[in-house]
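Written below as structure tokens is the structure these notes are about.
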């Protein structure tokens, strides 16, 4: 039997999350996501606020480190839950819409209360990082990396696999982009060739 046929639909995944939040989000809190996301995102906030001075940059760094240290594990657990959803694009859309909507709203509130100076720039970098990291995390989790639980491996082994996973991810992105560009080009050619041409009556010139 095809393994894909045994994988749940997005509705079933969401239903499981709603019925068993403790098991799905707390007991499967993804500490790998918490560690990596905290380090990367706090560094982005530090860089975005260094123009406001070292103290402001340090405060933004520590605020994001604390926020992501607590919350990123839950977002990682959600991403891990969505990795098995079928069709795959539905899991991707859910992860790219639901997670950022909740994550960045709370992130904005936390940094606004804390008084992060370059908040707009900081959030812009964070949103861009979310788009890229969520796509890659789903890609990696579907291949057994960056997961927690019974079927997961140690973080060091996941990090050892990163170069190969990043290369494979880049190939998928390039192929998708090339396919999209080819589709647009075909649509343009079809539009040009299918446009109705003006009918010129006998003995009448095009300019008359």
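Read the figures in this text as sums done on the coordinates, not as results from a lab. Because the structure is a prediction, the values reported are computed rather than measured. Backbone-built Cβ (ideal geometry, glycine too); neighbour counts: all protein chains shown.
Once label points are set 7 Å from the Cα along Cα→Cβ at both residue 11 and residue 170, what is their separation, rounded to one decimal in nm? That separation, rounded to one decimal, is 4.1 nm.
Report the extension gain between residue 35 and residue 70 in nm, rounded to one decimal, defined as 0.36 nm multiplied by the number of residues separating them, less their alpha carbon distance.
Working: separation 35, 0.36 × 35 = 12.60 nm, distance 0.98 nm.
Answer, rounded to one decimal: 11.6 nm.
The label-point distance for residue 183 and residue 160, in a model that sets each label 7 Å from Cα toward Cβ, rounds to 3.9 nm. Counting only alpha carbon atoms, the long axis of helix 10-19 and the longest principal axis of the chain meet at about 20°. Computing FRET efficiency as 1/(1 + (r/R0)^6) for residue 194 and residue 55, where r is the C-beta to C-beta distance and R0 is 45 Å, gives about 0.10.
Between segment 152-194 and segment 65-132, the C-alpha centres lie 22 angstrom from each other.
Going by the alpha-carbon gyration tensor, a ≥ b ≥ c the square roots of its eigenvalues, is segment 3-152 rounded (a/c under 1.5) or, if a/c is not under 1.5, prolate (a/b greater than b/c) versus oblate? The shape class here is prolate. Compared with the dominant principal axis of the Cα atoms in the chain, helix 88-114 is inclined by about 50°. How far is helix 54-82 tilted, in degrees, relative to the longest principal axis of the Cα atoms in the chain, given as a value from 0 to 90 rounded to the nearest 10? Taking Cα atoms only, the helix is inclined about 70 degrees. Taking 105, 123, 39 as the candidate residues, the one with maximal mean-square fluctuation in a Gaussian network model of the chain, Cα springs under 10 Å, is 105. Structural descriptor for the chain: relative contact order 21 percent, calculated from alpha carbon pairs under 8 angstrom and at least 6 residues apart.
Helix-only estimate, please: 222 nm mean residue ellipticity of the chain, summing -39500 (n - 2.57) across DSSP H runs of length 4 or more and dividing by its residues, to the nearest 500. Don't skip to the answer; put the middle values down first.
Numbers: 6 runs with 148 residues, N = 208.
The helix contribution divided over the chain gives -25000 deg cm²/dmol.
Distance between the pseudo-spin-label points of residue 135 and residue 89 (7 Å out from Cα toward the beta carbon): 1.5 nm.
Relative contact order, whole percent, for segment 1-112 stands at 33, derived from Cα pairs under 8 Å and 6 or more residues apart.
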